[in-house]
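First up is the structure itself, then whatever we jot down about it.
The values are calculated or read from the model by the stated rules, or taken from the named source; none is laboratory data. Everything numeric here is computed off the predicted structure, so don't read it as measured data. Quick reminder, even Gly has a Cβ in these numbers, built from the backbone with ideal geometry, and neighbours come from all protein chains shown.
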Amino acid sequence: MSEYQNKCVSVYKNLANVATVENVIVTKEDDTSTLHWEAVWSQRDLDRNAKFSYKTTGFLDKLDMKVSKSPHSTEIIGEKIVRISNDKMKRAILREVKIKDVKTQFLEIWQGNRRISSTNLTSKEKHGDVYSNAAFCCLEWSHNDETLLYVAERKKPKTGSYFKETEKYDENVCRGKEYVYHEEWGEQLVGCSHPIVVLFDLKSKAITPLEECLPDDMCASEAIWCKNDKSIVVQGLKVTPLKLGLIYCQNRPSALYEFSIESKTCVALTDTESCVFSPRLTPDGSTVVYLSTKNFGPHQQCAKMMKINLESKTKKVIVDVVNEPSAKACLQFNGLYLGNIPRNCWLDNAIVLSSVCRSNIGVFKVNVETGEVFSLEVSASHQVLCVSDGLIFASCSSPNSLPALMVGYPSGDSVNWVALDNPNQQISLACDIEWKVIQHKPTLVNQNYPGLGFESILLQPNGQKKLKGLIVNPHGGPHITYVTGFDPFTVGFCKLGYAVLRVNYRGSLGFGQNSILSLPGNVGTQDVGDVQQAAVDACEILSIDKSDVYVHGGSHGGFLTLHLIGQFPNFYAGAAVRNPVTNIASMVGLTDIMDWCFCETGLSFVTKDPAQYNYRKMVEMSPINVVNKVKSPLLMMIGSADLRVPPQQGFEYSKFLKSHGGIVKVLKYDENNHPIAEVAAEADCFVNIALWFHNVGPHNSK
C-alpha cells in the first residue's frame, strides 16, 4: 500500500474504535438517593465485519451527583429489546440467536440475577418475527406487571404446491398459494408485511395475537397500556391502497385506536387524515400525548404535539407547527422535529425531549397542560435517552468531542450536566479540529417564502497552515439536518488535512415549516444554489484555491452533488456519491416511496392514472438533465439491496456519463441497502473516497 493509503486506513481504524451510546436503563436502589445505571454502547469491529454492543454499569448519588462506575464492561449477545417492570424487580428481554443457522427468538424474564423463564416464541408459531427495528419496536409491561405486549408479524398461512403429494391431507395448507406476493414496508423492512399486537401472559405463558384490535385496513406500529390494564392504545398504519416505505418517512396515513381486551371492541381516537406517532400515557393515566404531521408531502416535517382525553375523547393541540420562527426566538425553539418522544419522558407534568433546532439538537421541556415550551439546552448535540427520578440522561457530542453519556439535573430553565460514562475518553481523535456554524442569506430568493436563511457547519484541522482541500457535503433527504454532533466521516477527512463544509440548505429541518415547504418544486435549483453559495463563502473564509474543492453526498445529497458538477462543471476537482437520485422520472415505479418523486418535483401525488405523470418535468429537475456538462471525475458507490433509491439510478447515470466521455468509477456493495452501512462496506467507502479525491486533485502530491 502507498503511504497515503496506509494513512487513510489508519485514520479509519481509529474512527471504528469510537463507541456510541444506544440506550440507558436507570433503576433506584430502594429508598436511598442512589440510582443504578446501565448503558448500552455500540462499536464497529473491522475484524468481525460487524457492529457489537456492550454494557457499562455504575451508580449515581442524586444528592451530590457523585458517579461510580464498574471497571468492567460486558458484551451483549442477542439482546434486541430490554424492558424493566414497573416495580423494578424484573426485566423482559427479547433475545435473538441462531440455532442450526435458523433465526430463533426467545422472550426471557429475569428477576435479580436469575432468569426465571424463557419462552421460544419462534417454535410456538403463534406469529412471525417480533420486531425491534426503528419502525416497529414495542415491548411493554402492563401496570400490574402480569402481561407483556409486543409487535410481531402476523402469522402467514401454511402453503403448498398443487402437485405435491402428501400421505395425509392437511386442510390448513393453502394449495397453490406459495408464490403469492405480500407487499412489504420497504427499505430496511424486508419481510415486514402486516405487524400485529401480541399479548404474553407471564403466569400461563399464553401467547395471544390481537389481530382484531385494529380495522382490517390497518396494521400495528406501536402500542401502550392504558392505566387499568383492560385496554391498550395502538398506533395503526393504513395498508390500503398501497404500502409506501416507512424508514425516514413520517408522513404516512395512520391513526390511534383504543382496544378493549375484555370486550374486544376497537374505538378510533383519531382519523387517518394525518400521520400520528409516538403515543405516551400521562402519569395519571387520563390522557395520551402524541405527535402528528400531515399525510404525504415532505417526508419529514415540523410536528404538532397533541393530546386526547381517554374518557371524553376530546383532542387538543399542545404545541402547534412553527411556520417561521420569530427572530427573537429562532435560536431557542423552532418547532418539533423528532422521530419519537422518549419512552420515559416525564418530568413532573412536562415532557422532556430532544428536537432539531437549526443546526443543533436541543433539549426542551413541554408543559402538557399549558403548552409552554422551555429551552433547556440548544448547543451542539444532546439526544435525550430517558428521564428518571427528576434527572435527564442524554447522549452528548459535538463536531470535535466524541459521544459521551451525560446526566443533567434541571435548574430553572437550564440543565447542569455531569459526565456519567465515556468509553471514548482515551481517544484523542477530534480534539485538534475546530468548527463553526456559518449563517447564510440566500442570493436565490424564493418569492413564496422570502426571508428564509440557511446554515452550514465548517470543520477544519486546527492550526494547519495549508489545507489539502475543501470537501463540500450536502445532506440527503432532503428534509433532514446535519447537526453539530460527532460524525466519523467528517472527522476522518479533517484528519487527512481537508476542511469539510456540511450544508443545511433551505428545506432542512429545524428552521421552521416554511423552510421545509420552500423546497418541493424547487429541487435542483434552490437547494443547489444554496450549496454552491455556501461553497463559495467557505472558499473565501478559508482563502482556499477553488481548484482544491471536492463534493460528496448520498441519496438526495448525491442528487445535489451530481447537479453541482453538472451546473458548475469547472468548480469541483472531483466528486463522490452514494446511492444518488439521478433521474426522478425513472425512479417513480421502482422506489418504495414513489410519493417522494411527486412531492419534491412539486407535483400532485397520483397513483390511479400514470398517463398524468409529468415525466418531462421530473427529468428536467434531475441531474441526468445536465450529465452532458460534467467534467469532474466521479466516484459512484451503489448498495445493491437499496429499495429507496434503486441501484438502476446509479447505473443509468454512469452509462450516460461514459457516453459523453466522462470519468466515472463505480463500486457495488452487495447486501447493502440505502445507507451502505455494513461495517466492511462503510470502511471501504471512506478509504475509496479519500483516495479518489487525493488522486484526481490537481495537487495530488500533497
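For the range 454-504, give me every one of the strands (runs of 3 or more DSSP E) that falls completely inside it and has 1 or more residues that are among the basic types (Lys, Arg) and either modelled with pLDDT under 95 or touching a Phe, Trp or Tyr at 6+ places or on another chain (Cβ under 6 Å) (or both). Steps first, answer last, please.
On the way: elements: 454-461, 469-474, 498-504.
It comes to 498-504.
Do you know which residues across the range 293-304 are surrounded by fewer than 22 Cβ atoms within 10 Å (Cβ to Cβ) and under 21 Å from Cys345 (Cα atoms)?
Matches in the range 293-304: Lys304 only.
Just the residues that are aliphatic (A, V, I, L, M), under 22 Å from Asn416 (Cα atoms), in contact with a Phe, Trp or Tyr (Cβ under 8 Å, 6 or more places away or on another chain) and modelled with pLDDT of 95 or more, please, taken from the range 39-66. Outline the logic, then answer.
Residues of the range 39-66 aliphatic (A, V, I, L, M): 39-40, 46, 50, 60, 63, 65.
Subset that is under 22 Å from Asn416 (Cα atoms): 39, 60, 63, 65.
With the extra rule that they be in contact with a Phe, Trp or Tyr (Cβ under 8 Å, 6 or more places away or on another chain), the set shrinks to 60, 65.
Matches in the range 39-66: Leu60 only.
So is Pro325 in contact with an Asp or Glu (Cβ under 9 Å, 6 or more places away or on another chain) and on the phi < 0 side of the Ramachandran plot or not?
So Pro325 does not fit the description; no.
Looking at the range 88-137 only, could you name the residues that are aromatic (Phe, Trp, Tyr), under 16 Å from Val198 (Cβ atoms) and assigned to a strand (DSSP E or B)?
Matches in the range 88-137: Phe106 only.
The conditions are (1) among the aliphatic types (A, V, I, L, M); (2) surrounded by fewer than 18 Cβ atoms within 10 Å (Cβ to Cβ); (3) in a loop (DSSP other than H, G, I, E, B), and Ile438 fails exactly one of them. Which is it?
Every condition holds for Ile438 apart from (3).
Yes or no: the range 184-193 includes at least one residue that is part of a strand (DSSP E or B) and modelled with pLDDT of 90 or more. Walk me through it before giving the result.
Our first condition is that a residue be part of a strand (DSSP E or B); within the range 184-193, this holds for none.
For the range 184-193, residues part of a strand (DSSP E or B) and modelled with pLDDT of 90 or more: absent.
One line per residue, one yes/no per condition, for (1) part of a helix (DSSP H, G or I); (2) touching a residue at least 40 places away in the same chain (Cβ under 8 Å); (3) of a type in the set (Asp, Glu):
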{"position": "Ile624", "(1), (2), (3)": "yes, yes, no"}
{"position": "Lys631", "(1), (2), (3)": "no, yes, no"}
{"position": "Ile638", "(1), (2), (3)": "no, yes, no"}
{"position": "Asp642", "(1), (2), (3)": "no, yes, yes"}
{"position": "Asn672", "(1), (2), (3)": "no, no, no"}
{"position": "Leu691", "(1), (2), (3)": "yes, yes, no"}
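Looking at Ser428, is it farther than 20 Å from Phe333 by Cβ, hydroxyl-bearing (Ser, Thr, Tyr) and within 21 Å of the chain's Cα centre (by Cα)?
Details: farther than 20 Å from Phe333 by Cβ: yes; hydroxyl-bearing (Ser, Thr, Tyr): yes; within 21 Å of the chain's Cα centre (by Cα): no.
In short, no.
Restricting attention to the range 622-649, which residues are surrounded by fewer than 22 Cβ atoms within 10 Å (Cβ to Cβ) and under 21 Å from Gly521 (Cβ atoms)?
Of everything in the range 622-649, those that are surrounded by fewer than 22 Cβ atoms within 10 Å (Cβ to Cβ) and under 21 Å from Gly521 (Cβ atoms) turn out to be Asn625, Val626.
Applying the selection to the range 100-118, what residues are more than 30 Å from the chain's Cα centre (by Cα), surrounded by fewer than 16 Cβ atoms within 10 Å (Cβ to Cβ) and modelled with pLDDT of 95 or more?
Going residue by residue through the range 100-118, those that are more than 30 Å from the chain's Cα centre (by Cα) are 100, 110-118.
Of the ones still in play, those that are also surrounded by fewer than 16 Cβ atoms within 10 Å (Cβ to Cβ) are 100, 111-118.
Within the range 100-118, Gln111, Arg114, Arg115, Ile116, Ser117, Ser118 meet the criteria.
In the range 143-175, what residues are of a type in the set (Gly, Ala, Ser) and either at pLDDT below 85 or under 30 Å from Tyr248 (Cα atoms) (or both)?
Looking only at the range 143-175, we keep the residues that are of a type in the set (Gly, Ala, Ser), and these are 152, 160-161.
Selection gives Ala152 alone.
Select from the range 1-13 the residues that are modelled with pLDDT of 95 or more and either in contact with a Ser or Thr (Cβ under 8 Å, 6 or more places away or on another chain) or among the polar types (S, T, N, Q) (or both) and write down the one among them that is farthest from Leu429 (Cα to Cα).
Here the residue is Gln5.
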